[in-house]
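Single-structure report; data block below.
The values are calculated or read from the model by the stated rules, or taken from the named source; none is laboratory data. Note that the structure is predicted; figures quoted are calculated from it, not measured. Counting neighbours? That spans all protein chains shown, and the Cβs are built from the backbone with ideal geometry, glycine included. Remember, those area values only see protein heavy atoms, side chains included, never the ligands or the DNA or RNA. Shrake-Rupley method; radii C 1.70, N 1.55, O 1.52, S 1.80 Å.
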Amino acid sequence: MSRSALLVLADGRFPAGGHAHSGGAEPAVRAGRIKDAADLERFCRGRLHTTGLTAAALAAAAALGHDPAALDAAADARTPSPALRAAARRLGRQLMRAARTAWPAAELDALAEAFPRGAHQPVVLGTAARAAGLGPEDAAHCAAYETVSGPATAAVRLLGLDPFQATAVLARLAPDTDDVAARATAAARRGVDALPAASAPLLDITAEQHAAWPVRLFAS
Amino acid sequence: MHLGHPHDHAAPAVSADATRPDGSRRALRIGLGGPVGSGKTATVAALCRALRDRLSLAVVTNDIYTREDAEFLLRHAVLPPERIAAVETGACPHTAIRDDISANLEAVEDLEEAVGPLDLILVESGGDNLTATFSRGLVDAQVFVIDVAGGDDIPRKGGPGVTTADLLVVNKTDLAPYVGSDLDRMARDAREQRGDLPVVFTSLTGEDGVAPVADWVRERLAAWTSAGAA
């Protein structure tokens, strides 16, 4: 693996569309469930161990070279909210564009051709990691970290939260993030049928509600 | 399948390629940016009315709050709804036009696919600050719209939008006497900041007020078309 390639892929400035998504933080802030850094940490920990684990396992499986079409179907089955499915595919398509420019590879071309409207983002992420010469642990770490870094950045914008505190939340979650990535990778090694299906029903419900808001700052 | 080998088939447009995946020349893309309230959406609407009879047009809006600008254009029926797309920017409109252009690129490509062939796509930025500029990976040329009521010292203050935009539009000249703005001074300062780059003064409330901008767009389009034919 190339540690530097991992930094490029995991960089929050990697131009793959993530900045427009709050990972469920916008509806949680509106509902008063996130008001400060402590709330943010609880929100992120919950998201990490549910949808984060599922996304990380999908990414690890794609990085291992499992059939991306099967993984995409597995992602669909694990994403009951139509709004979140649409967001995942849109983000997958955006990530695909950036990844193909950064690490041109036949496997990325084939995935883009098979899913012109976008495959689920974790599947693209794992395939991109593979193209970058990275392994399943790397892909799982990227996916798990994105699960918490997205809401943290969004909370800074939505609440005017102290950015140092938000970053400290991410640092405190690092052991959990490592743990989730390790569990996700182990599951991915056991095959597509062994992938976890952890979910957070409240995130699914609020994502549907959020998608119907006439005025919002984030796309999801 | 070996990783890292070059593509064996034509790579799809990943950025500002002048051709579409099928080899045809894509539409000219012009970005419009500028501070909040300077008249970007009104300029886009007026441009659509001035150009839509002769050209195949589409618009991408980048609202700060979802679909406000797109809905303004729809309400005023400047184009059919299928020719207007809204991109959401996560409270950072400048990021969506400069640092991470992926959502905007999807929007322009989807419009070309859905209602093309198109001659021109206008990409309107959400109202932002004086440093907002478009990536060259997204647009072929950019217009920066300021207005006289925002202060006649804006051209003097400069910033990337004022100094580097391919066209600087100073809008709402009809308000100059009421807000005490000195148009000559604005023109002088703009020339100093921009050298030979063009500046036009507009009042969209007047008859055909957008004409100077529309003329500039037609020139850019003629240059784009002849570059494709060459």
**Fill in**
Here FRET efficiency (C-beta to C-beta, residue A:38 to residue A:67, R₀ 56 Å, nearest 0.05) is 0.85
**Prompt:** Other chains' Cβ within 10 Å of B:90-96 residues: what's the mean?
**Reply:** 6
**Fill in**
Between the residues B:131, B:175, B:47, the Cα farthest towards the positive end of the dipole of region B:28-220, that dipole coming from +1 and -1 charges on the beta-carbon of Lys, Arg, Asp and Glu, is from B:175
**Fill in**
For the residue B:211, residue B:22 Cβ pair and Förster radius 41 Å, calculated FRET efficiency rounded to 0.05 is 0.70
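Just the number, please: carbon plus sulfur as a percent of the accessible area of region B:28-220, 1.4 Å probe, no ligands or DNA/RNA counted.
Taking all protein chains in place, region B:28-220 shows 48 percent carbon and sulfur surface.
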**Message:** Taking each residue in A:105-118, count the Cβ atoms of any other chain within 10 Å of its Cβ, then average. What number comes out?
**Reply:** 3
**Request:** With a 1.4 Å probe on protein heavy atoms only, work out how much accessible surface B and A bury together, total over both chains, in Å² to the nearest 100.
**Result:** 2500 Å²
**Asked** If you look at just the Cα atoms of the protein assembly as shown, how large are its Rg and its Dmax in Å?
**Response** 23.3, 75
**Message:** Please check: in the Gaussian network model of chain B (C-alpha springs, under 10 Å), which one of B:197, B:122, B:57 has the largest mean-square fluctuation.
**Reply:** B:197
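When you have a sec, figure out the Kirkwood radius of region A:1-106 from all distinct Cα pair distances and drop it here in Å to one decimal?
15.6 Å
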**Request:** Enter the angle in degrees (range 0 to 90, nearest 10) between the Cα long axis of helix B:211-229 and the first principal axis of the Cα atoms of chain B, meaning the one along which they spread out most.
**Result:** 30 degrees
**Message:** I want to verify a result. In a Gaussian network model of chain A, Cα cutoff 10 Å, which of these has the top mean-square fluctuation: A:118, A:23, A:46?
**Reply:** A:46
**Request:** Please give the average number of partner chain Cβ atoms lying within 10 Å of the Cβ of each residue in A:10-16, rounded to a whole number.
**Result:** 3
**Item:** Magnitude of the charge dipole, the protein assembly as shown, Cβ model with Lys/Arg +1 and Asp/Glu -1, debye to 20
**Value:** 520 debye
**Prompt:** With labels modelled as points extended 7 Å from the Cα through the Cβ direction, what inter-label distance (nm, one decimal) is found for residue B:52 paired with residue B:164?
**Reply:** 3.3 nm
**Prompt:** Measuring from the lowest to the highest alpha carbon on each principal axis, how far does region B:28-220 reach, largest first, in angstroms?
**Reply:** 46, 36, 30
**Fill in**
To the nearest 10 degrees, the tilt of helix A:82-102 (Cα long axis) against the first principal axis of the alpha carbons of chain A is 60 degrees
**Prompt:** For residue A:11 and residue A:202, FRET efficiency with R0 = 35 Å and r from the beta-carbon atoms, rounded to 0.05?
**Reply:** 0.75
**Estimated inter-spin distance, residue B:184 and residue A:186, nm [label 7 Å along Cα→Cβ]** = 8.0 nm
**Prompt:** How large is the accessible surface per residue of region A:60-196, computed with a 1.4 Å probe and reported in Å² as a whole number?
**Reply:** 38 Å²
**Item:** region B:39-114 - Rg and Dmax from Cα coordinates, angstrom
**Value:** 12.2, 36
**Request:** Return the single residue from B:153, B:184, B:69 with maximal mean-square fluctuation; model: Gaussian network over chain B, springs between Cα atoms under 10 Å.
**Result:** B:184
**Fill in**
Taking chain B and counting helices only, DSSP H stretches of n ≥ 4 at -39,500 (n - 2.57) each over all residues, the nearest-500 ellipticity at 222 nm comes to -10000 deg cm²/dmol
**Complete:** If every Lys and Arg gets +1 and every Asp and Glu gets -1 at its Cβ, then about the Cα centre chain A yields a dipole, in debye to the nearest 20, of 380 debye
**Asked** In Å and whole numbers, how far do the C-alpha atoms of chain A stretch along each principal axis, longest first?
**Response** 45, 34, 32
**Request:** Over chain B, give the accessible area per residue in Å² for a 1.4 Å probe, as an integer.
**Result:** 43 Å²
**Prompt:** Going by alpha carbons, how many degrees (0 to 90, nearest 10) lie between the helix axis of A:163-172 and the longest principal axis of chain A?
**Reply:** 50 degrees
**Asked** Looking at region A:88-120, which trypsin sites (Lys or Arg not before Pro) are DSSP coil and have at most 13 other C-beta atoms within 10 Å of their C-beta?
**Response** A:117
